[in-house]
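S.K.: One structure coming up, written as structure tokens, with questions to follow.
The values are calculated or read from the model by the stated rules, or taken from the named source; none is laboratory data. Please read all numbers here as calculations on a predicted model, not as lab measurements. Here Cβ is always computed from backbone atoms with ideal geometry, including for glycine, and neighbour counts include all displayed protein chains.
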Amino acid sequence: MAQALLALKDLALAKTRLAGLLGSSERQSLAQAMAEDVIALLAAHPDITRITLVSNDAFAAVLAGRYGAQCWPESKLGCHGLNPLMQRATEELLVTDGDVLLVLHADLPLLSAEDISAAVALQRETGGLVIACDRQGTGTNLLAFDEASIPQFCFGTDSCAEYSERARAAGVPWQLLQRSGLAADVDTPDDLDYVMAHLHAYPDRKTAALLYRTALGAQVEWALAALSGAARCGR
């Protein structure tokens, strides 16, 4: 069995790189929808026994209550910043439960149950660190590990290479996991364009309810087309 750990930043400040496509309240709604889709999937997955959210955002506590998760405010962990928070939370969780831990981002609207199963199975098979990269192959969207293979957290630019290099230096086995549902996070207009093209396969999700065949979705598609046209003209 496995447990999952996610951090949720202040959702009112989320997805600022999408400001040219969405207003502040729309970006917040998108971040909330994607987070709920991820947590709902984890809560229904037979391999996941516990979900922990780390967040000071009030919506995180609502989600935790809705899906039987626990929510830790940052003050409980005594630190700030994504990497220190994940490090401290990991230490606490693996002391009380030595099974596989998945640390993943909450902006993965195309995530599937098969993606989670694949990450858990690969970690059990190798006993080391599993690294799931983004579509560009540079960022990291999920880590899977046990107490013997806890990484030094370094989410950020070029983190995929950094995680693999640190694991190699520490003598920890590691494997790269490349799956479309794990790769499709949403930070930039290009990311959102990719997700919009695939939402039809997930019509029952909150993200689809917000953007698939809706007025907001049509607005986003128009804005993305305008951006694409401007980029072509600029070449």
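S.K.: Take the residues of the stretch 180-202 that are part of a helix (DSSP H, G or I), small (Gly, Ala, Ser) and surrounded by fewer than 19 Cβ atoms within 10 Å (Cβ to Cβ): which is nearest to the chain's Cα centre (by Cα)? Step through it out loud before you land on a result.
M.R.: In the first step, residues of the stretch 180-202 are kept if they are part of a helix (DSSP H, G or I); the result is 180-183, 189-196, 199-201.
If we keep only those that are small (Gly, Ala, Ser) too, we end up with 180-181, 183, 201.
From what is left, the residues that are surrounded by fewer than 19 Cβ atoms within 10 Å (Cβ to Cβ) are 180, 201.
Working: 180: 13, 201: 19 Å.
Out of the qualifying residues, it is 180.
S.K.: Given the conditions (1) under 16 Å from residue 32 (Cβ atoms); (2) modelled with pLDDT of 95 or more; (3) of a type in the set (Phe, Trp, Tyr), which single one is not true for residue 59?
M.R.: Every listed condition holds for residue 59 apart from (2).
S.K.: Could you tell me whether residue 17 is in contact (Cβ under 8 Å) with a residue 40 or more places away in the chain and either out of contact with any strand residue (DSSP E or B) (no Cβ under 6 Å at 6 or more places or on another chain) or among the small types (Gly, Ala, Ser) (or both)? Before the answer, list the steps.
M.R.: Numbers: in contact (Cβ under 8 Å) with a residue 40 or more places away in the chain: yes; either out of contact with any strand residue (DSSP E or B) (no Cβ under 6 Å at 6 or more places or on another chain) or among the small types (Gly, Ala, Ser) (or both): yes.
So residue 17 passes the test.
S.K.: Further question on the same structure: Within the set of pairs 6+ apart or on separate chains, which have a first residue in the stretch 153-174 that is surrounded by 14 or more Cβ atoms within 10 Å (Cβ to Cβ), a second that is among the basic types (Lys, Arg), and C-beta atoms under 8 Å apart?
M.R.: Close Cβ pairs (under 8 Å, with a partner that is among the basic types (Lys, Arg)) amount to 154/166; 174/168.
S.K.: A further question on this structure: Can you find even one residue in the stretch 126-145 that is over 21 Å from residue 109 (Cβ atoms) and either free of Cβ contacts under 8 Å to residues at least 24 places away in the same chain or touching a Cys at 6+ places or on another chain (Cβ under 7 Å) (or both)?
M.R.: no
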